[in-house]
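What follows is a set of notes on a single structure, which appears directly below.
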Amino acid sequence: MNVAVVGTGYVGLVTGTCFAETGNQVVCVDIDEAKVRAMQAGKVPIYEPGLEELFHRNIEAKRLTFTSDLAAAVPASDVIFLALPTPPNEDGSADLSYILGVAKQLGPLLKQYAVIVNKSTVPVGTAEQVRAAVGKGASVEFDVVSNPEFLREGLAIQDFMQPDRVVLGVSSDKAEGVMRELYDPFLDEDRPLYAMDERSAEMTKYAANAFLATKVSFINEIANLSELAGANVDNVRLGIGADDRIGRRFLQPGIGYGGSCFPKDVKALYKTAADHDYDFKILKAVTAVNDNQPRLFFERIKQHYKGDLKGKHFAFWGLAFKPDTDDIREAASGHIISDLLDAGARITAYDPEANEVASKKYQGQAGIDFADNMMAALDGADALIITTEWPVFRSPDFVAMKQKLAQPVVFDGRNIYETELMQQQGFTYKSIGRLDVTTS
């Protein structure tokens, strides 16, 4: 098929590249001309494991192209994906201006039947708004489909090529047939496609992310209580995760979820509930717990230094909201960095992939600089703070760590080390939901 993907962020670029990999002719459209030129020259604009290989292979096979001209991409396309930003408004609702703006442009450009697909995470009822916006200028038949994405940053290629499920919101047999044909290479008996009405598909995405966010906040509450009660949250999560009604995933305690999806989607679903006069009490609590986790962690650091952080120098391992991405949006690290700088501390930070993005964010801000490698970040620091569980951080040279740090102190916001190990290595070690290790 001929496929157009409008928007080349994480979702759009992965979507376009993976569809090209299964033999479709894909053109990706973006209004950022510099970004388009870079992609045409073979530069991948985001870090995502496995993407670069597929990206180059399909460019060389002439199945994957890029343009900033929507009018050049639309007329020949059988399927047009809208993978555009839906940033939160101040009230938590999703800003649909990008999607509806493009939808208005699509109508006059359609020259043949096409399926227009909402790939972005959008509120219930968006498919109807897109249908109306396209219809104002369209002179040919078209359909609108809701096809929410369930991609995890760092595992997006795997999630697209081997999905748990594909969800389609459709109101047309013709559109469903087109989409089933397009997705057929990715499906089998263990990877089903669920076709439903558009509103249910739109709700499914928000419900899935909100439920996972709930699991994260729940285990963080259990961790906080475990510290007070003398329990070890590592043992607790193993004990409850073995129950297949609960499952092990998303039960890792820490300093909260971040990124472009969970915070935004939880707030948007809460706003949808409010719009229907429903008080979604659980989501209110989920957000409150998550917002509080970085603050609690900062307070533990502050308490260790008896309330005085002025002049303290901290090494920082991890800036991205999770491993295997350079995405720092809504990352817990950002909240902790801000609190430390406000308290007069100094930071030397390192992240395997997010250094460049973070250095742009903090450019010109006093008190923070960036190291070229993880061990260099430790030089002369009063303590190490860990906020992202990158695999490279899990097996460091502990002897070298102690030599570089002014004091052998580690604040671990992701519980990447065993407390017994840190005690053996002679560190003061403070983690989440476990007893502290202190050196004499």
Discussion item. As an exercise: evaluate F150 against (1) under 27 Å from A320 (Cβ atoms); (2) buried (at least 21 other Cβ atoms within 10 Å of the Cβ); (3) not charged (D, E, K, R) and give the number of the one condition it does not meet.
Written reply: (2)
Fill in: Options A268, A285, A207: the member that is closer than 19 Å to G92 by Cα, exposed (fewer than 15 other Cβ atoms within 10 Å of the Cβ), in contact with a Ser or Thr (Cβ under 8 Å, 6 or more places away or on another chain) and touching a residue at least 40 places away in the same chain (Cβ under 8 Å)
A285
Practice prompt. Considering every residue within region 142-149, establish whether at least one is out of contact with any Gly (no Cβ under 7 Å at 6 or more places or on another chain) and assigned to a helix (DSSP H, G or I).
Written response: no
Worksheet item: Residue check, R249 against (1) closer than 28 Å to T387 by Cβ; (2) at pLDDT below 95; (3) touching a Pro at 6+ places or on another chain (Cβ under 9 Å), all met but one. Which one?
Response: (3)
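Yes/no per residue for (1) surrounded by 15 or more Cβ atoms within 10 Å (Cβ to Cβ); (2) among the hydrophobic types (A, V, I, L, M, F, W, C); (3) under 26 Å from the mean Cα position of the chain (by Cα):
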| residue | (1), (2), (3) |
| --- | --- |
| Y350 | yes, no, yes |
| K360 | no, no, yes |
| A371 | yes, yes, yes |
| I386 | yes, yes, yes |
Fill in: Test result for T428, at pLDDT 95 or above, surrounded by fewer than 21 Cβ atoms within 10 Å (Cβ to Cβ), more than 27 Å from the chain's Cα centre (by Cα) and closer than 22 Å to N232 by Cβ
yes
Worksheet entry | Residue list for region 306-322, restricted to those being in contact (Cβ under 8 Å) with a residue 24 or more places away in the chain, part of a loop (DSSP other than H, G, I, E, B) and under 15 Å from D382 (Cβ atoms) | L309, K310, G311, K312
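Here is a check on your reading of the model: is G258 part of a helix (DSSP H, G or I) and on the phi < 0 side of the Ramachandran plot?
Values: part of a helix (DSSP H, G or I): no; on the phi < 0 side of the Ramachandran plot: yes.
No: the conditions fail for G258.
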Worksheet entry | Pairs with Cβ under 8 Å, 6+ apart, first in region 339-362 and in contact (Cβ under 8 Å) with a residue 60 or more places away in the chain, second among the hydrophobic types (A, V, I, L, M, F, W, C) | E353/A320
Discussion item. Can you say whether V144 is under 27 Å from A274 (Cα atoms), more than 25 Å from the chain's Cα centre (by Cα), at pLDDT 95 or above and of a type outside the set (K, R), as far as the supplied structure shows?
Written reply: yes
Worksheet item: When you scan region 210-242, how many residues do you find that are buried (at least 16 other Cβ atoms within 10 Å of the Cβ), of a type in the set (S, T, N, Q) and over 29 Å from L269 (Cα atoms)?
Response: 1
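Give region 113-140 a look and list any residue that's over 13 Å from F81 (Cα atoms) and of a type in the set (G, A, S), or say none. Steps first, answer last, please.
The first filter runs over region 113-140 and keeps only residues over 13 Å from F81 (Cα atoms), leaving 113, 122-126, 128-129, 131-140.
G125, A132, A133, G135, G137, A138, S139 - these are the residues of region 113-140 that are over 13 Å from F81 (Cα atoms) and of a type in the set (G, A, S).
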Fill in: In region 194-210, the residues that are touching a helix residue (DSSP H, G or I) at 6+ places or on another chain (Cβ under 6 Å) and either of a type in the set (F, W, Y) or not in a helix (DSSP H, G or I) (or both)
A195, Y206
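The values are calculated or read from the model by the stated rules, or taken from the named source; none is laboratory data. Please read these numbers as outputs of a predicted model, since none were measured by experiment. Reconstructed Cβ throughout: ideal geometry from the backbone, glycine too, with neighbour counts over all protein chains shown.
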